[in-house]
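The values are calculated or read from the model by the stated rules, or taken from the named source; none is laboratory data. Just so it is clear, the model here is predicted, and its values are computed rather than measured. All Cβ positions, even for glycine, are placed from backbone atoms using ideal geometry, and neighbour counts span all protein chains on display.
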Amino acid sequence: MKIIDILNKKNMSLSFEVFPPKRESTFESVVEATEEIAACHPAFMSVTYGAGGGTSKYTLEIAKNIKEKYNVPSLAHLTCVSSSRATIKEKIKEMEEMGIKNVMALRGDLTPELEKTDPSTWDYKHATELIYDLKESGGDFCIGAACYPEVHPDSVNQKDDLIHLRDKVEAGAEFLTTQMVFDNNLFFNFMYKIREIGVTVPIIPGIMPITNANQVARAIKLSGSFMPQRFKSLVDYFGNDPDAMKQAGIAYATDQIIDLYANGITNVHVYSMNKPDVAKTIMDNLSAILGKDFAR
Ligand code: FAD
């Protein structure tokens, strides 16, 4: 099933994210976590490409399993900046052969090694080019792209970032998923801005449940996301007690999701980080809300 068809139904729903294993020896544990998360019946599950410390090697295999074994639509991420055109061509072919229908087309982060090289020698500089290649391949893909309510760190300003975002949509991205936000107002302001420049495709807010205090620094470093004082107080107060921190972090994420639903957003993406217990608790917290079509 294509993600765009799920989004167009406009039922309140959640999607979850998993990342591939770092080593072959942990593959089975990722498969188990994936199966448990799939058992929560999310609207779809995404599988990152090398992000979060995982390797890209298993992305397609995990995405295929999710779709075929667990009967949950899957979204395979693909990054391009470290790859040659020939490698990407092969990956696209592999996706088609494996029946992958949904692709999140990304540039990927610039590694220190890559930054030392001359960009004019790179086959890909931006996600837009990957989107063009996916479209040109003739494959039957629903393509998603990333967006940044707090501006991508490489951008000189938000205006520039928004113009490049519109380019991704014009190239063929059918939906957008945001970088994690901890303050919903940033998401709503961003949505207003992208609608103003004529971007009308569905936009899915990304929510990261913070379940331990160490994750906070990592999440900020990775995303540059703003942490509201309300959230910082919670980490200060409960951070030293793992169980209390987990409960408070999940409650905070649940509260954000409910606020998004109550303000007209129907699909929310949860950066569930291979944690079935987190996915399950959030699903349970929203059991009377999910899947419903509340009158507006
Ligand atoms: P782009 O859209 O190419 O944008 C990157 C920067 O270049 C922005 O500043 C943009 O404004 C600018 N830009 C774009 N086009 C142009 C142009 N034509 N000229 C000049 N500037 C331009 N990383 C992974 O490694 N694996 C993953 O699985 C993964 N999944 C992600 C999922 C989501 C939802 C998000 C939000 C991020 C994800 N990332 C992942 C991280 C992502 O790869 C990085 O944030 C990366 O730095 C940018 O990727 P992008 O696709 O947004 O890039």
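The table that follows gives values for the structure above.
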quantity: Condition broken by Asn11, with the remaining ones in (1) within 14 Å of the ligand (Cβ to nearest atom); (2) at pLDDT below 95; (3) not in a helix (DSSP H, G or I) satisfied; calculated: (1)
quantity: Of all residues in the range 146-161 being near the ligand (Cβ under 8 Å from one of its atoms) and assigned to a helix (DSSP H, G or I), the one that is surrounded by the most Cβ atoms within 10 Å (Cβ to Cβ); calculated: Asp161
quantity: Failed criterion for Asp167 (all others in (1) more than 7 Å from the ligand (Cβ to nearest atom); (2) surrounded by fewer than 18 Cβ atoms within 10 Å (Cβ to Cβ) hold); calculated: (1)
quantity: Selected residue [surrounded by 15 or more Cβ atoms within 10 Å (Cβ to Cβ) and touching a residue at least 60 places away in the same chain (Cβ under 8 Å)] from Ile66, Ile37; calculated: Ile37
quantity: Residues of the range 32-47 satisfying the condition of being closer than 25 Å to Asp109 by Cβ, away from the ligand (no atom under 11 Å from the Cβ) and touching a Phe, Trp or Tyr at 6+ places or on another chain (Cβ under 8 Å); calculated: Thr34, Ile37, Met45
